[in-house]
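A short write-up of the structure that comes next.
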Amino acid sequence: MKHPSALLLLTMVALGISTQNVLAQEVNVYSYRKPQLIKPMFEAFTAKTGVKVNAVFAQKGMLERLKSEGRNSPADLVFTTDIGRLSDFKNAALTQSVQSDIINAQVPDNLRDPDNHWFGLTSRARIIVAAKDRVADGEITTYEDLADPEWNGRVCTRSGKHAYNVALISMMMAVHGDEKAETWLNGVKSNLARKPEGNDRGQVKAIKEGVCDLAVINHYYMFQMISDKEQKPWADAVRVIFPNQQDRGTHMNISGMAMARYAPNPDNARMLMEFLASDQAQGMYAEVNGEYPVKQSIVLTGYLQSLGAFKRDNLALDKVATNRAEASKMVDRVAYNE
Ligand code: FE
């Protein structure tokens with residue numbers, strides 16, 4: 001007997017039969033997400049189903065590893081951040097389609113692959129932060145504003161080639177067309193206070209130090225900085241702005257999951273996917289990571305609650321994924337990083 005069906009397994013759980021003793025039930029996960037960010041959800045899953053989650057965590061090289069393992073790969077699921085990386089796995093034919101009404105009911109369709117190869121689990125807002133003491137409330141409200149000459153020499157960002165910025169530029173291309181997006185990017189470039197360097201938090205630090213007045217970062221770094229002694233003053237120096245509230249909403253990216261093409265435990269893998277998309281796991285993600293659940297009706301607590309409700313751009317992320325290669329070339333053309 002290879003795998004019991006999900007139904008059998010759930011029946012066993014309902015009857016209080018220890019599945020671990022009857023069969024070695026497991027699911028193997030390859031993750032780019034840090035262990036502390038997803039382990040609590042895996043533990044809750046195991047407690048609920050008896051299925052053990054074996055997770056391999058890595059910083060890079062997962063795609064190459066899956067490729068070289070081929071049909072012999074033990075991986076059932078892949079977890080990663082950013083639409084770019086998720087679509088890279090699909091484009092390399094390393095994933096498979098998963099049909100699940102349960103997942104589809106939880107994950108909005110703009111945050112999953114049209115062919116059901118990847119699914120968003122958490123979402124992250126790409127926000128603007130502004131120096132509290134040098135930028136007035138309401139002085140900047142959109143991504144488009146970042147190119148306004150008013151901000152000459154006052155903007156900081158990380159590399160234009162970083163996945164977060166490539167996705168942002170891809171969004172601008174989808175909204176405005178390539179030509180206007182390039183004019184905008186040129187404008188942002190000419191407003192930079194310094195050559196792009198460092199990570200998102202580094203830009204907030206630069207605002208604190210007076211190097212610049214505006215930066216573009218993912219929202220959860222605010223959540224991380226406020227609980228870090230050294231970084232809290234950086235976070236305290238800035239105001240959070242959710243861009244484009246009067247029109248299309250704030251650009252959102254995701255972290256997500258995909259089933260590996262040769263998953264040896266597909267039933268367990270699907271069960272884990274469905275659990276992670278559930279209200280229970282979505283709520284945990286928000287609490288542990290400070291990321292937004294993909295399902296908007298989940299009630300927020302703590303820092304996320306304090307940021308308040310905002311309008312999210314519901315542009316389909318697969319459109320963003322399609323524009324990535326061209327966006328990256330655009331970064332080179334405007335010499336954004338030079
Ligand atoms: Fe990040």
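Evaluate the following for Asp76: is it open to solvent by less than 20 Å² (accessible area, probe 1.4 Å), out of contact with any Phe, Trp or Tyr (no Cβ under 7 Å at 6 or more places or on another chain), among the acidic types (Asp, Glu) and touching a residue at least 24 places away in the same chain (Cβ under 8 Å)?
Working: open to solvent by less than 20 Å² (accessible area, probe 1.4 Å): yes; out of contact with any Phe, Trp or Tyr (no Cβ under 7 Å at 6 or more places or on another chain): yes; among the acidic types (Asp, Glu): yes; touching a residue at least 24 places away in the same chain (Cβ under 8 Å): yes.
Yes.
With respect to Asn218, determine if the residue is under 18 Å from Cys156 (Cβ atoms) and within 16 Å of the ligand (Cβ to nearest atom). Here the answer is yes, as Asn218 does meet what is asked.
Residue-wise test of (1) more than 23 Å from Asp82 (Cα to Cα); (2) within 16 Å of the ligand (Cβ to nearest atom); (3) crowded, with 20+ Cβ neighbours inside 10 Å.
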{"position": "Arg194", "(1), (2), (3)": "yes, no, no"}
{"position": "Arg201", "(1), (2), (3)": "no, yes, yes"}
{"position": "Lys205", "(1), (2), (3)": "yes, yes, yes"}
{"position": "Glu209", "(1), (2), (3)": "yes, no, no"}
{"position": "Lys232", "(1), (2), (3)": "yes, no, no"}
{"position": "Ala235", "(1), (2), (3)": "yes, yes, yes"}
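Look at (1) open to solvent by less than 40 Å² (accessible area, probe 1.4 Å); (2) in a loop (DSSP other than H, G, I, E, B) and you find that Gly283 fails only one, number (2). Among the residues examined, Val56 does not qualify as more than 17 Å from the chain's Cα centre (by Cα) and surrounded by 18 or more Cβ atoms within 10 Å (Cβ to Cβ). Looking only at region 213-226, residues that are assigned to a loop (DSSP other than H, G, I, E, B) and modelled with pLDDT under 95 come to 0 in all.
Looking for something part of a loop (DSSP other than H, G, I, E, B), hydroxyl-bearing (Ser, Thr, Tyr) and over 30 Å from Thr95 (Cβ atoms) - is there at least one such residue anywhere in region 227-236?
Filtering region 227-236 for residues part of a loop (DSSP other than H, G, I, E, B) gives 227-231.
Then keep just the ones that are hydroxyl-bearing (Ser, Thr, Tyr); that gives 227.
Filter again for over 30 Å from Thr95 (Cβ atoms), leaving 227.
Yes: region 227-236 contains one or more residues that are part of a loop (DSSP other than H, G, I, E, B), hydroxyl-bearing (Ser, Thr, Tyr) and over 30 Å from Thr95 (Cβ atoms).
Of all residues in region 314-338, those that are under 15 Å from Arg124 (Cβ atoms) and surrounded by 20 or more Cβ atoms within 10 Å (Cβ to Cβ) total 2. Would a scan of region 114-126 turn up a residue that is under 19 Å from Tyr220 (Cβ atoms), within 16 Å of the ligand (Cβ to nearest atom), touching a residue at least 24 places away in the same chain (Cβ under 8 Å) and of a type in the set (A, V, I, L, M)? Yes, region 114-126 has at least one match. The residues listed here are Ala75, Ala47; of these, the one that is away from the ligand (no atom under 16 Å from the Cβ), over 23 Å from His162 (Cβ atoms), of a type in the set (Gly, Ala, Ser) and in a loop (DSSP other than H, G, I, E, B) is Ala75. The lone criterion from (1) within 16 Å of the ligand (Cβ to nearest atom); (2) outside the structural domain of Asn152 (by TED's automatic domain parsing); (3) surrounded by 20 or more Cβ atoms within 10 Å (Cβ to Cβ) left unmet by Ala260 is number (1).
The values are calculated or read from the model by the stated rules, or taken from the named source; none is laboratory data. Quick caveat, the model's predicted, so the values are computed rather than measured. FYI the Cβ positions are ideal-geometry reconstructions off the backbone, even for glycines, and counts take in every protein chain you see. Ligands, DNA and RNA are stripped out before the accessible areas are found, and what is left, the full protein with its side chains, is counted by its heavy atoms. Shrake-Rupley method; radii C 1.70, N 1.55, O 1.52, S 1.80 Å.
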